[in-house]
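Undergrad: I'd like to ask some things about the structure below.
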Amino acid sequence: MSSPHKTVHNPKGPVIRQRPTASQKRAVVRRAKGVCEYCRCPKRFVPQPFTVEHIIPISRGGKTILRNLAWACMACNNHKYNKVEAIDPQTGRKARLFNPRRHRWPDHFAWAEDAKRIIGLTAIGRATVNALHLNSEEMINLRGVLFIQKLHPPVD
């Protein structure tokens, strides 16, 4: 059986990287109710695997504890990488990225009238929409098809 710890090279020295335990993964998946906690994409319609990701990355001092873990689609996880902030395109200033444990999704985002695009309502929302590419062409197309089938937007 593999160890939950993996040593990763870091210019500042070795970092012990913890993987979430099986029980942490189950808790995160259950809490997310089948959707990515960033883009709200339903897992059942995406061919790529979802992952448990560190909201504050290990490389930035984040811990492998439930309040620092989120369920994310591969696109959001890959675009987020180790970011914790990004530029708000409206103000040009840095803003924290959306934190699913500290922030409520509807406080920072809304669906466009046709439910295809996510609109950032705050600096956090706008920076997150841009940094995580929440309105990629592929996501807009998927949301449009799901909307027609009355499977989108997700009900919280």
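Undergrad: Taking segment 73-128 as the search range and keeping residues that are closer than 24 Å to Ile58 by Cα and among the aromatic types (Phe, Trp, Tyr), which one is surrounded by the fewest Cβ atoms within 10 Å (Cβ to Cβ)?
TA: Only one residue tops the list, namely Tyr81.
Undergrad: On the basis of being crowded, with 19+ Cβ neighbours inside 10 Å and more than 19 Å from Ala72 (Cβ to Cβ), does Ala131 make the cut? Break it down into steps so the answer makes sense when it comes.
TA: Details: crowded, with 19+ Cβ neighbours inside 10 Å: yes; more than 19 Å from Ala72 (Cβ to Cβ): no.
Judged against the criteria, Ala131 is not a match.
Undergrad: Same structure, new question: So, of the residues in segment 114-141 that are hydroxyl-bearing (Ser, Thr, Tyr) and touching a His at 6+ places or on another chain (Cβ under 8 Å), which turns out to be farthest from Cys36 (Cα to Cα)?
TA: We begin by selecting, within segment 114-141, every residue hydroxyl-bearing (Ser, Thr, Tyr); these are 122, 128, 136.
Subsequent filtering for residues that are touching a His at 6+ places or on another chain (Cβ under 8 Å) retains 122, 128.
Working: Thr122: 20, Thr128: 14 Å.
For segment 114-141, the residue satisfying everything is Thr122.
Undergrad: Among Arg101, Arg126, Arg93, which is the only one that is under 13 Å from the mean Cα position of the chain (by Cα), closer than 23 Å to Tyr81 by Cβ, at pLDDT 95 or above and of a type in the set (D, E, K, R)? Lay out the reasoning, then the answer.
TA: Values: Arg126 fails: under 13 Å from the mean Cα position of the chain (by Cα); Arg93 fails: under 13 Å from the mean Cα position of the chain (by Cα).
After applying the criteria, what remains is Arg101.
Undergrad: Check Pro49 against each of (1) assigned to a loop (DSSP other than H, G, I, E, B); (2) in contact with a strand residue (DSSP E or B) (Cβ under 8 Å, 6 or more places away or on another chain) and name the one condition it does not meet.
TA: Result: Pro49 fails condition (2) only.
Undergrad: Let me ask you something else. Select from segment 56-67 the residues that are outside any loop (DSSP other than H, G, I, E, B) and either within 15 Å of the chain's Cα centre (by Cα) or touching a residue at least 40 places away in the same chain (Cβ under 8 Å) (or both) and list them in ascending order.
TA: Matches in segment 56-67: Ile58, Ser59, Leu66, Arg67.
Undergrad: Please go through (1) touching a helix residue (DSSP H, G or I) at 6+ places or on another chain (Cβ under 7 Å); (2) within 23 Å of His152 (Cα to Cα) for Leu97 and return the number of the only condition it doesn't satisfy.
TA: Checking Leu97 against (1) touching a helix residue (DSSP H, G or I) at 6+ places or on another chain (Cβ under 7 Å); (2) within 23 Å of His152 (Cα to Cα), the one that fails is (2).
Undergrad: For segment 52-72, how many residues are more than 22 Å from Ser23 (Cβ to Cβ) and crowded, with 18+ Cβ neighbours inside 10 Å? Quick ask: steps written out before the conclusion?
TA: Filtering segment 52-72 for residues more than 22 Å from Ser23 (Cβ to Cβ) gives 59-61.
Among the residues that remain, those that are also crowded, with 18+ Cβ neighbours inside 10 Å are: none.
The qualifying residues number 0.
Undergrad: Which condition breaks for Val155 when tested against (1) exposed (fewer than 13 other Cβ atoms within 10 Å of the Cβ); (2) over 16 Å from Cys41 (Cα atoms); (3) not charged (D, E, K, R)?
TA: Condition (2) is where Val155 drops out.
The values are calculated or read from the model by the stated rules, or taken from the named source; none is laboratory data. Note that the structure is predicted; figures quoted are calculated from it, not measured. Neighbour counts run over all protein chains shown; Cβ positions are idealised from the backbone, glycine included.
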